[in-house]
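Since the structure comes first, as structure tokens, the remarks are kept for the end.
The values are calculated or read from the model by the stated rules, or taken from the named source; none is laboratory data. Bear in mind that the values here come from a model prediction, so they are computed numbers and not experimental data. In this analysis, Cβ positions are derived from the backbone assuming ideal geometry, glycine residues included, and neighbour counts consider all displayed protein chains. These area figures cover heavy atoms from the full protein model, side chains too; ligands, DNA and RNA do not enter into them. Shrake-Rupley method; radii C 1.70, N 1.55, O 1.52, S 1.80 Å.
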Amino acid sequence: MADKKADSGSESDSTEEPVVGNVNKFAVVPPGFTGRPKKGHLIFDACFECGNLGRVDYITEYEYDLFIRPDTCNPRFRVWFNFTVENVRTDQRVIFNIVNFSKTKSLYREGMSPFVKSTSRPKWVRVPAKHVYYYRCPDHRKNYVMSFAFIFDKEDDVYQFAYCYPYSYTRLQNYLDNLEKRNMDYFTRELLCLTVQQRRLDLITITHPDNLYPEETKRIVFVTARVHPGETPSSFVCQGFIDFLIGNHPVAKTLREHIVFKVVPMLNPDGVFLGNYRCSLMGFDLNRHWQEPSPWAHPTLYATKNLLMEYDRDEKLIVDFFIDLHAHSTLMNGFMYGNTYDDMERYERQSVFPKLLCGNAEDFSLANTNFNRDAVKAGTGRRTLGGCLDENSHCYTLEVSFFSYQSTTGQAMPYTEEGYMKLGRNLARTFVDYYKLAGVVSAKPSSSIVPKPGAYRIRDRNVQERSNTDSQFEEKVRDLFIYHRAYERDKNGIRPPQSSQDDRSTVSSRRQYLYSRPSDLSINSTNTFSDVSTNIRLQLRERERDRKQY
């Protein structure tokens with residue numbers, strides 16, 4: 001997250017115990033158990049690229065406390081998780097509590113849920129939102145905990161859970177390798193520098209080959225992504241942006257003829273590889289170090305900023321745009337942050353591009369778009385380059401929600417990988433509208449000449465009734481629901497009587513003041529791979545019904 005005080009605030013620096021390193025094929029067995037793990041003794045692993053899980057505590061046969069590993073060299077940031085679970089039993093029911101989030105504000109309050117896939121079902125889907133609870137937990141110093149219930153339905157599968165769709169450094173390298181093999185004369189890949197751990201910082205150039213050695217002034221659009229490694233949606237937006245520009249659409253061809261597009265698709269490769277949420281290998285939030293980047297501590301920023309300054313000094317080049325792609329953990333939709341200036345004409349020019357993008361992308365929100373110059377954001381790319389580049393340059397942060405956007409009908413639509421890429425394509429199309437207004441390109445083609453978008457599909461999955469419900473597991477789910485409802489009441493200003501002791505033993509005595517449990521909460525009534533949109537609608541109906549009761 002690059003901007004917005006609400007998103008970067010409410011950080012918690014406290015953890016119950018230091019969590020260092022990822023779990024590595026860690027078998028969680030009951031206390032006192034000896035010997036080889038039996039079937040159903042879960043084995044956790046996060047020792048893989050982008051993995052993050054630092055510790056697992058056995059609570060009961062059904063319940064496990066999970067601890068996010070903090071970013072390397074920086075204990076403040078604990079948000080991203082990505083781990084696998086194996087050695088499961090068929091129909092084994094569990095509750096996972098992720099107990100050490102560093103942020104109190106989260107889209108889990110609004111219906112967001114973790115992602116899951118398995119070896120036999122490699123497509124990521126969301127855990128049904130009605131099985132996810134986000135609440136203050138007295139067992140963990142009243143820190144916020146995200147708990148979710150889940151059924152393992154295939155004992156030979158390895159299950160993987162993640163905060164959001166992963167997008168790894170290796171995936172990017174494979175994607176760029178494949179583009180290089182196509183030998184497109186309008187696509188160039190360069191090595192800008194190496195990271196501290198000797199990974200590539202790639203620079204992509206997309207333009208007509210005649211523009212590489214211009215005899216007349218050429219305009220540059222410069223786009224960056226993944227300065228915050230856990231903000232994976234920005235990589236999907238960036239890939240959609242690149243895919244459109246290298247395609248055969250008439251808008252893409254026109255843009256290549258007139259504009260030079262420069263893309264740095266991953267500004268923090270080390271942080272991405274290590275499974276950090278916000279920081280680099282050395283614990284730096286790189287998006288606070290654009291003012292004076294160090295060649296040894298922030299080599300990717302140092303190389304990128306120097307390149308931009310070189311373009312700015314070149315009389316034959318005009319840097320029209322700098323856009324830094326991010327993801328937002330507390331707001332919906334896509335939206336932008338821009339700078340404010342004392343020069344009113346310059347300030348008004350900044351508002352043109354977001355308005356054009358709003359006309360091309362139904363998930364883009366002008367209401368969330370904001371122009372500011374907060375002192376706390378002085379080290380961001382948007383703020384720093386807005387003061388360094390020519391006054392005619394436009395510098396923005398483009399944000400996209402980790403969760404969903406509100407459609408034109410008012411319905412919450414969870415983002416998919418394709419949904420994020422579509423925003424990237426719409427971002428690219430918007431440049432033809434902007435440059436038509438600027439008189440750089442002719443009135444045709446129009447960004448509205450686009451292939452018909454596919455329907456927003458989430459594959460329906462069979463709902464399988466399950467019997468033989470375990471009463472202990474059901475009781476745990478009920479307790480989680482009660483905590484979740486208590487939070488909802490507190491948020492709406494309706495508080496039950498306070499007891500002298502705020503722990504789980506008080507739950508039963510306060511149940512008469514809390515919301516009743518809906519009949520479909522039971523995890524055995526719905527398969528864990530069910531349709532996410534249906535579950536979100538059910539949850540919204542439950543909340544509306546409960547509000548009417550009180």
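Here are some notes:
- Heavy-atom accessible area with a 1.4 Å probe sorts TRP296, TRP290, TRP124, largest first, into TRP296, TRP124, TRP290.
- Note on the range 360-425: Cα convex hull, mean projected area over all directions, 5.9 nm².
- Ranking ARG425, ARG226, ARG199 by solvent-accessible area of protein heavy atoms (1.4 Å probe, all protein chains present), from largest to smallest, gives ARG425, ARG199, ARG226.
- With DNA, RNA and ligands ignored, accessible area of VAL56 (1.4 Å probe; Å², nearest 10): 10
- Formal net charge of residues neighbouring LEU389 (Cβ-Cβ distance under 14 Å; K, R +1; D, E -1): +1
- Cα centroid of the range 276-304 to Cα centroid of the range 76-112, whole Å: 28
- Heavy-atom accessible surface of the range 132-213: percent carbon and sulfur, 1.4 Å: 43
- LYS39 - accessible surface, heavy atoms, 1.4 Å probe, Å² rounded to 10: 90
- The range 236-379 - Debye-derived log10 I(q)/I(0), Cα point model, q = 0.10, 0.13 Å⁻¹: -0.44, -0.77
- Over the C-alpha trace of the range 335-392, radius of gyration and Dmax come out as 12.0, 33 angstrom.
- Between VAL441, LEU366, THR430, the Cα set farthest toward the positive side of the dipole of the range 363-452 (charges on each charged residue's Cβ, about the Cα centre) is that of VAL441.
- Residue order by solvent-accessible surface for VAL94, VAL29 is VAL29, VAL94, largest first, with ligands and nucleic acids left out and a 1.4 Å probe.
- Judged by the ratio a/c of the largest to the smallest principal axis of the C-alpha gyration tensor, the range 243-326 counts as oblate, that ratio being 1.5 or greater while a/b is no larger than b/c.
- Whole-number accessible area per residue in Å² for the range 337-453, which is evaluated in the context of all protein chains at 1.4 Å: 42
- Accessible-area value, PHE236, 1.4 Å probe, nucleic acids and ligands omitted, Å²: 0
- Carbon + sulfur, % of accessible area of the range 256-313 - ligands and nucleic acids excluded, 1.4 Å: 53
- Over 21 Å (Cα to Cα) - which of LYS253/LYS305; LYS262/LYS316; LYS355/LYS436; LYS105/LYS377; LYS103/LYS142; LYS38/LYS123 fall in this group: LYS253/LYS305; LYS38/LYS123
- Dipole in debye (nearest 20) - the range 160-281, about Cα centre, beta carbon charges: Lys, Arg +1; Asp, Glu -1: 280
- The range 209-316, accessible area per residue, ligands and nucleic acids excluded (1.4 Å, Å²): 34
- Positive minus negative residues near PHE115 (Lys, Arg vs Asp, Glu; Cβ under 14 Å): +3
- Net charge in the neighbourhood of ALA27 (other residues with Cβ under 11 Å of its Cβ; Lys, Arg +1, Asp, Glu -1) is +1.
- Surface accessible to a 1.4 Å probe, per residue, for the residues of the range 70-199, Å²: 35
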